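Enquirer: The structure follows.
The values are calculated or read from the model by the stated rules, or taken from the named source; none is laboratory data. Small disclaimer: the values here were computed from a predicted structure and weren't measured. Cβ sites come from the backbone with ideal geometry, for glycine too, and all protein chains shown count toward neighbours.
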Amino acid sequence: MKLSTKELILCALFAAIIAILAQISIPLPFTTVPLTMLIFAVAVTGLILGPKLGAISVLIYLLLGGIGLPVFAQFSAGTGVLFGPTGGYLLGLPLMVYIVGFGKDKSSSPIIIFLSLIIGLISVYITGTLMFAAITGNTIYQSILYCVAPFAFVDLIKLILAYIIGLSVSKRVSFTATF
Ligand SMILES: O=C(O)CCCC[C@@H]1SC[C@@H]2NC(=O)N[C@@H]21
């Protein structure tokens, strides 16, 4: 797979956007998982860049965090975060962005595109919950209470926002078109 300079710059730009939006983060008193704009950022990335460039952007973001740049929620970093209690969400992001980008590339139907956002979010919830359960020793039921229940409604709002913003940006600017 060969990327043009323009594609590489776009991926780096969106990795930086994800890193910035992930810092809009609120710790919650009843769970160790913070509320963040990460899901919004990844959804917008998939809608604008599509599956391939979207996945590369997310992988750059994960790599930067993995090597120690404080780009994860609340300026955290390192492999300890990637393989810690919230690491399942992070490791699920490449799949989410791919699903979202694929849905957007394959269909112009608002229902299909929104469905791909929902399926992408569910895939992140699954990886997030499973890893949280494995690392903390909580049951799957308890983990769902900590990892999904507090976020589902707000994440749905983030997806609606991402849908509106992502589609209006991609209609106006064709980031992925070649010169
Ligand atoms: O430690 C990290 O950087 C990852 C934080 C993951 C937070 C998850 S993403 C899905 C859900 N929605 C939120 O707002 N927070 C959690």
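Enquirer: Could we say that Leu53 is of a type in the set (A, V, I, L, M, F, W, C), within 27 Å of Pro150 (Cβ to Cβ) and at pLDDT 95 or above here?
Expert: No; evaluated as a whole, the condition is false for this residue.
Enquirer: Run down Phe72, Phe14, Phe40 and say which single residue is of a type in the set (Phe, Trp, Tyr) and away from the ligand (no atom under 12 Å from the Cβ). Spell out how you get there, then give the answer.
Expert: Numbers: Phe72 fails: away from the ligand (no atom under 12 Å from the Cβ); Phe40 fails: away from the ligand (no atom under 12 Å from the Cβ).
It is Phe14.
Enquirer: Go through the residues of region 75-83 one by one and say whether even a single one is surrounded by 15 or more Cβ atoms within 10 Å (Cβ to Cβ), part of a helix (DSSP H, G or I) and at pLDDT 95 or above.
Expert: Step one: list which residues in region 75-83 are surrounded by 15 or more Cβ atoms within 10 Å (Cβ to Cβ), which gives 76-78, 81-82.
Add one more test, that the residue is part of a helix (DSSP H, G or I), and what stays is 81-82.
Keeping just the survivors that are at pLDDT 95 or above gives 81-82.
Yes, because at least one residue in region 75-83 is surrounded by 15 or more Cβ atoms within 10 Å (Cβ to Cβ), part of a helix (DSSP H, G or I) and at pLDDT 95 or above.
Enquirer: Please go through region 47-74 and give me each residue that is farther than 23 Å from Ala152 by Cβ, assigned to a helix (DSSP H, G or I), of a type in the set (A, V, I, L, M, F, W, C) and in contact (Cβ under 8 Å) with a residue 24 or more places away in the chain, ordered by number.
Expert: Of everything in region 47-74, those that are farther than 23 Å from Ala152 by Cβ, assigned to a helix (DSSP H, G or I), of a type in the set (A, V, I, L, M, F, W, C) and in contact (Cβ under 8 Å) with a residue 24 or more places away in the chain turn out to be Ile48, Leu49, Leu53, Ala55, Ile56, Leu59, Ile60, Leu62, Leu64.
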